[in-house]
């Protein structure tokens, strides 16, 4: 980390270094694209359920929905994301749901026992839908029907704004019912952290709120259970969050690590979901946020 800190203090040197590293990441992903482990046949067969036709899960780690009590569809645009060096970080990276996948999104949360959802996108940006609203507002009981299933989603605590992380905190109860007899099949309580102020393909104005969001997320994490992270496509902002979170943990637990953690993790996560940390600006932001995160712990 000391080497990276020295590079970061020299703006010209850092820009050159980060550009070189990010270019190499793009090359490595292109080289892997012909391998069997990096094909997208499941996603292509389920085109109607993808928000974007070019951001779909790899076949080998595409998450499968299996609980037939909650619905019949198996496919969802979501990927398992695991860190290297056995760091205890497990994410589900997924797209912001579209109207036809709202029930599937909540099935994913319930089936995989997700304790916390990190939402990094507004519902609408520049008059374009980036994420169908799957969360309830205020006292609303959001009700959805899918085949024989009725889904009810409600806030069980008053929404609050967390200023340190610049996010809305919602405590949500998800309930699946059998439509015919209104019998409760399954329910789950989950926290949603809805971050404000992160533009698509861009970065926040400073690192402070993202660091605050990571710290807040960790308060709601549960051992061995995945954190669900999404933006609109589930790769750019999503990948940036996962890299910063994992890099800080990796450096803290391996202080003598001689490998660039941002490069290592971005490449590792891109092996598991396409274009994680999508833009050069996001890649550069990872270094800045990591440095500020570590500086704040000294």
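Nothing in this text is a laboratory measurement; each read-out follows from the coordinates by a stated rule. Because the structure is predicted, anything quoted here is derived from the model rather than measured. Glycine gets a Cβ as well: all are built from the backbone with ideal geometry, and neighbour counts include every protein chain shown.
A few notes on this one:
- Shape call, the range 1-90: gyration tensor on alpha carbons, a/c limit 1.5: prolate
- For the range 75-136, convex hull of alpha carbons as volume per residue, Å³: 110 Å³
- Taking a ≥ b ≥ c as the square roots of the eigenvalues of the alpha carbon gyration tensor, the chain is prolate, as a/c is not under 1.5 and a/b beats b/c.
- Projection of the Cα convex hull of the range 207-298, averaged over all directions and equal to a quarter of that hull's surface, yields 6.1 nm².
- Remark: 79, 224, 6 ranked as 224, 6, 79, counting other beta-carbon atoms within 10 Å and listing the fewest first.
- Average projection area in nm² (convex hull over Cα atoms of the range 259-298, one quarter of hull surface): 3.0 nm²
- Using R0 = 25 Å, the C-beta based FRET efficiency linking residue 72 and residue 225 works out to 0.50.
- A simple packing score, the average count of other Cβ atoms within 10 Å per residue, orders the peptides 13-19, 277-283 as 277-283, 13-19, with the highest score first.
- Label-point gap, in nm, between residue 124 and residue 201 - each point 7 angstrom along Cα→Cβ: 2.1 nm
- Ordering 39-45, 122-128, 266-272 by mean Cβ neighbour count within 10 Å, with the highest value first, yields 266-272, 39-45, 122-128.
- With the biggest extent put first, the Cα atoms of the range 30-185 measure 50, 44, 38 Å across the principal axes.
- Expected-Rg normalisation [2.2 N^0.38 Å, Cα atoms] applied to the range 107-227: 1.15
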